[in-house]
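A short worksheet on the structure shown next.
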Amino acid sequence: MGGDGQGVSRWRERVLLSPVGRQLTGRTLKARLIRGTGGTFVLRSGNTALKFLTSFVLARWLGADNYGAYNFAIVWITLLIVPSISGLDRLLIRDMAAYQARSAWGMMRGLLDLVPRWTLRLSLGLALAAAGLAWLTYELTGRPAMLKADQADIAEIALFTLLLGLVLLPLRTKLLVQQSTMQGLRHVVFGQLPEQVVQPLLFFVLVAVLYAVGKGHASPLLAMALTVGTTIVALGVSASLMNRAVPPNVKAAVPAFETRLWLAAALPFAVSRGLLTLSSQIDSLLLGAMSGTEAVALFTVSLRGTQLVSILLTSVNVALAPNIAHLFAQDDRRNLQRVLTQGARFSMVGALPITVLFILFGGAFLGLYGQDFVPAETTLVYLSLGQLVNAITGPATLLMMMTGFERPTTAIIGLSIVLNVVLDVLLIPSMGIDGAAIGSGVSLAVRNVTIAWLAWRWHGLHTTALWPLPRLRW
């Protein structure tokens, strides 16, 4: 036994001291980036798999109309989270990393005191206001939150699903604050664990059990109740993890506040996040208003597929965010260029094969949800091509937002949304969900190419996967 133990110990030592082992366990920038991106990719991959399986079961359990009503409520909640968080999540990621680099413990404590208070008040107020407006639109027009519903019973269940869903607003806002705090402290993987694994896993298990019981219990209201319950559990797990992640020096420090400066700095993040979120949800909103719940269901399933295309880009961006802020603050442009290019190439390698598979076998993929969803095959292809361009152009938007160019970046995002809306309004009446996909894909590609070009002009940094890596030892 002793010999075996010594053999295992020697083998472990050799692995840790090998070039690969040093890259994975070291404290260098590259080691942190590999761990952050790799861990995030594993979490996001698991999350995407869980959401795919959940959407597959949920669509079959609820049917197209009820699935569309549930997702229409989720779209509104996703939009309302933006003013609830008001850009303070991005501020936490950026400033917690910067303050930690300078050992500014009091400033870190001040941020941790201020942000939860502000976001709780905002989220509760918005939830109450949104509930009142949803009820008012239903009473006046029979269309809750302007959703086009051909049947009165669908409109009614959609209303109550949305009202219950608004309970999620303060819960998800709090979860996002805790997650951003841990990301700013460079606990990138653990910060995402509650949202990416705990909540979707619990939700999938519960939905799968109900699906096995039978369609007699199918209801978007019940699905929303399960979403609320599992989010509460994830919030508790997140609170426990964050308490462990905050350094003792921060907990012991006297809070220092720069409230006006922080709120002013968060505003561009809020506007940018709002525009990005609106960009991702505007097609579903317009389809719900112009075509109804079935169109929302078909489009949502296609969007779920395109998450497989962009999953690696999302993982890279989460890992890069604190490192971009750190490297830019240190004026380490060579390493900054390297991580940008490396991140873009990771993203492209993940996006390209998935896009090709969807072009060739998109109908088979959608058939897993049921034959009612196969007509969205062309929609899936259009959306995937837009996400492929997004991956190739790399973390351009993230770079600009993290380095003081929030306003011009926000303006470009706003103009791309205007383009998206114009294309949707022109194309949806004649092409339906395909028209919405074209509007989304074209506007996304135009936005990312423009921002990548501006990053090169203003920073001299190339964010695309097509730029050669500089020769540099890490």
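Just to be sure before I move on: is residue 197 touching a residue at least 60 places away in the same chain (Cβ under 8 Å) and surrounded by fewer than 20 Cβ atoms within 10 Å (Cβ to Cβ) in the structure I sent? Taking the combined requirement at face value, the residue satisfies it. Selection of the range 52-105 for residues being among the charged types (D, E, K, R) and over 27 Å from residue 158 (Cα atoms) yields 89, 90, 94, 95, 102. It is to be established whether one or more residues within the range 236-247 are more than 30 Å from residue 147 (Cα to Cα) and among the hydroxyl-bearing types (Ser, Thr, Tyr). Within the range 236-247 (the criterion being more than 30 Å from residue 147 (Cα to Cα) and among the hydroxyl-bearing types (Ser, Thr, Tyr)), the answer is yes, since at least one residue qualifies. Given (1) closer than 27 Å to residue 402 by Cα; (2) surrounded by 13 or more Cβ atoms within 10 Å (Cβ to Cβ); (3) among the small types (Gly, Ala, Ser), identify the lone condition not met by residue 264. Residue 264 satisfies all of (1) closer than 27 Å to residue 402 by Cα; (2) surrounded by 13 or more Cβ atoms within 10 Å (Cβ to Cβ); (3) among the small types (Gly, Ala, Ser) except (2). Just one of the listed residues (155, 129) is free of Cβ contacts under 8 Å to residues at least 60 places away in the same chain, in a helix (DSSP H, G or I) and in contact with a Gly (Cβ under 7 Å, 6 or more places away or on another chain), and it is 155.
Per the listing 387, 337, 330, 342, the residue uniquely within 25 Å of residue 189 (Cα to Cα) and buried (at least 24 other Cβ atoms within 10 Å of the Cβ) is 387.
The condition (being modelled with pLDDT under 90, assigned to a helix (DSSP H, G or I) and over 30 Å from residue 443 (Cβ atoms)) is satisfied by just one residue among 244, 273: 244. On the stretch given as the range 47-87, residues that are among the polar types (S, T, N, Q) and over 21 Å from residue 160 (Cα atoms) total 5. You will find that of 230, 181, 161, 173, the residue that is part of a helix (DSSP H, G or I), free of Cβ contacts under 8 Å to residues at least 60 places away in the same chain and crowded, with 20+ Cβ neighbours inside 10 Å is 230 and no other. Across the range 78-92, a minimum of one residue is classified as part of a helix (DSSP H, G or I), more than 21 Å from residue 278 (Cα to Cα) and modelled with pLDDT of 85 or more. Could you pull out the residue among 205, 167, 188, 209 that is modelled with pLDDT of 90 or more and crowded, with 17+ Cβ neighbours inside 10 Å? Going through 205, 167, 188, 209 in turn, just one is modelled with pLDDT of 90 or more and crowded, with 17+ Cβ neighbours inside 10 Å: 167. When the residues of the range 65-115 are filtered to those that are of a type in the set (Lys, Arg) and more than 20 Å from the chain's Cα centre (by Cα), the one that is farthest from residue 288 (Cα to Cα) is 102. Does residue 434 qualify as being buried (at least 20 other Cβ atoms within 10 Å of the Cβ) and acidic (Asp, Glu)? Against the criterion (buried (at least 20 other Cβ atoms within 10 Å of the Cβ) and acidic (Asp, Glu)), residue 434 qualifies.
Here is a list: 36, 68. Which entry is at pLDDT 65 or above, small (Gly, Ala, Ser), surrounded by 22 or more Cβ atoms within 10 Å (Cβ to Cβ) and in a helix (DSSP H, G or I)? From the options 36, 68, the qualifying one is 68.
Once the range 282-314 is narrowed to residues that are of a type in the set (Gly, Ala, Ser), over 19 Å from the mean Cα position of the chain (by Cα) and in a helix (DSSP H, G or I), the residue that is surrounded by the fewest Cβ atoms within 10 Å (Cβ to Cβ) is 289.
Only residues that are touching a Leu at 6+ places or on another chain (Cβ under 9 Å), assigned to a helix (DSSP H, G or I) and under 25 Å from residue 266 (Cβ atoms) were counted in the range 391-407, giving 7.
Do the conditions hold for residue 225, that is, is it at pLDDT below 90, surrounded by fewer than 21 Cβ atoms within 10 Å (Cβ to Cβ) and either of a type in the set (Gly, Ala, Ser) or touching a Ser or Thr at 6+ places or on another chain (Cβ under 8 Å) (or both)? When the stated conditions are applied, residue 225 does not pass them. For the range 424-443, the set of residues classified as touching a Ser or Thr at 6+ places or on another chain (Cβ under 7 Å) and farther than 18 Å from residue 297 by Cα consists of 443 only.
Here the range 409-451 is the region considered, the condition is being among the hydroxyl-bearing types (Ser, Thr, Tyr) and without any contact (Cβ under 8 Å) to a residue 60 or more places away in the chain, and the residue that is farthest from residue 379 (Cα to Cα) is 450. Can you confirm whether residue 279 is small (Gly, Ala, Ser), part of a helix (DSSP H, G or I) and surrounded by 24 or more Cβ atoms within 10 Å (Cβ to Cβ)? No. Total residues in the range 293-324 satisfying the condition of being over 19 Å from residue 371 (Cβ atoms) and either at pLDDT below 85 or in contact with a Ser or Thr (Cβ under 7 Å, 6 or more places away or on another chain) (or both): the figure is 19.
The values are calculated or read from the model by the stated rules, or taken from the named source; none is laboratory data. Since this is a predicted model, take the numbers as computed values, not measurements. Because the Cβ atoms are built from the backbone with ideal geometry, glycine has one as well, and the counts that use them run over all protein chains shown.
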